[in-house]
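Q: Here it is, the structure, as structure tokens.
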Amino acid sequence: MRVTPQKARLVLDLIKGRRAEEARNTLLFTKKRVAATVGKLLQSAIDNANFLSTEKGIDVDLDNLYVKRAVANDAPRMKRIRPAPQGRAFRYVRRLSHLEIVLAERNRNGAGEGVATVVGGEEKPAKKAAPRTKAKAKAPAKKKAVGKKAAKK
């Protein structure tokens, strides 16, 4: 995408963690130029999930999809030259960004902690947390001995 990653992150931060439908509505009413492209990307991810559920036989409930991860990384930069006064030339950089959106399905029981299915990423289902053991308390730090300053000669 031909937009700086910083500008794209402003829009992507608006939709992180939201339900897919809510994220689409948010993007429709966002006034940033990049919001239209992010909306197309989100719609493509939703369509990919729909394809998985209908054609591939993977059980994906489209109503439980949410935006698990949305990132904008740097792409290769385009270096350009702008004419400057007195026959000189100034260089400037056009920044590009790689956009990535990962959709996941919340648990059907509504807890939302674990992830049943991930669409558009290579992430694995969430595992149950192992029981924690109590950590031993640390011993208090020893005080340093205060020495006298050497007298000046």
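Q: Among 53, 97, which is the only one that is under 28 Å from the mean Cα position of the chain (by Cα), modelled with pLDDT under 90 and among the polar types (S, T, N, Q)?
A: Working: 97 fails: modelled with pLDDT under 90.
The conditions single out 53.
Q: Going by the conditions given, is residue 92 touching a residue at least 24 places away in the same chain (Cβ under 8 Å), in contact with a strand residue (DSSP E or B) (Cβ under 8 Å, 6 or more places away or on another chain) and among the aromatic types (Phe, Trp, Tyr)?
A: no
Q: Within the range 72-97, how many residues turn out to be small (Gly, Ala, Ser) and in a helix (DSSP H, G or I)?
A: Counting residues in the range 72-97 that are small (Gly, Ala, Ser) and in a helix (DSSP H, G or I) gives 1.
Q: Here's a follow-up. Which residue is surrounded by the fewest Cβ atoms within 10 Å (Cβ to Cβ), if the candidates are limited to the range 1-39 and must be among the polar types (S, T, N, Q) and more than 10 Å from residue 72 (Cβ to Cβ)?
A: Only one residue tops the list, namely 25.
Q: Another question, if that's okay. Restricting to the range 13-41, what's the tally of residues that are within 12 Å of residue 68 (Cβ to Cβ) and either assigned to a helix (DSSP H, G or I) or polar (S, T, N, Q) (or both)?
A: 3
Q: A follow-up question, please. Can you pull out the residues in the range 40-60 that are aliphatic (A, V, I, L, M) and surrounded by 14 or more Cβ atoms within 10 Å (Cβ to Cβ)?
A: Of the range 40-60, the ones aliphatic (A, V, I, L, M) are 41-42, 45-46, 49, 52, 58, 60.
Once the filter is applied, which keeps residues that are aliphatic (A, V, I, L, M) and surrounded by 14 or more Cβ atoms within 10 Å (Cβ to Cβ), the range 40-60 yields 41, 42, 45, 46, 49, 52, 60.
The values are calculated or read from the model by the stated rules, or taken from the named source; none is laboratory data. These numbers were taken from a predicted model, which means no experiment stands behind them. Backbone-built Cβ (ideal geometry, glycine too); neighbour counts: all protein chains shown.
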